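Laboratory data are not the source of any read-out in this text; all were calculated from the coordinates shown. Computed from a predicted structure; not experimentally measured. Heads up, the Cβs are rebuilt from the backbone with ideal geometry, glycines too, and the neighbour counts pull from every protein chain shown.
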Amino acid sequence: MKMNLSTWFLLVTLFIGVLGLILAAGTATVVESVLLLAFLLITGVLAWAHQSQGHRA
């Protein structure tokens, strides 16, 4: 499941990069922060569910 590890690394890197750019631009709002966190959380849950099904199958 190296694919999942790579996906997690890319997601975390992308999230940190986007969040960093927004903070650097000084335009970070509560809504944007919540949307980014929600996106990461949903993607993480879907990836975890897919990985769990793969291991159990």
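I want to check the label-to-label distance for Leu41 and Thr13. Put each point 7 Å from Cα in the C-beta direction and report it in nm to one decimal.
Here the answer is 2.6 nm between the modelled labels.
What ³J(HN,Hα) values, in whole Hz, does the Karplus curve 6.51 cos²θ - 1.76 cosθ + 1.60 give for the range 34-45 when θ = phi - 60°, with x put for Gly and Pro?
Once rounded to whole Hz, the list reads 5, 5, 5, 5, 5, 4, 5, 5, 4, 4, x, 5.
Could you give the length gained by full extension between Ala24 and Ser52, i.e. 0.36 nm per residue of separation minus their alpha carbon distance, to one decimal place? It would help to have the intermediate numbers written out before the result.
Details: separation 28, 0.36 × 28 = 10.08 nm, distance 3.68 nm.
Here the segment from Ala24 to Ser52 would lengthen by 6.4 nm.
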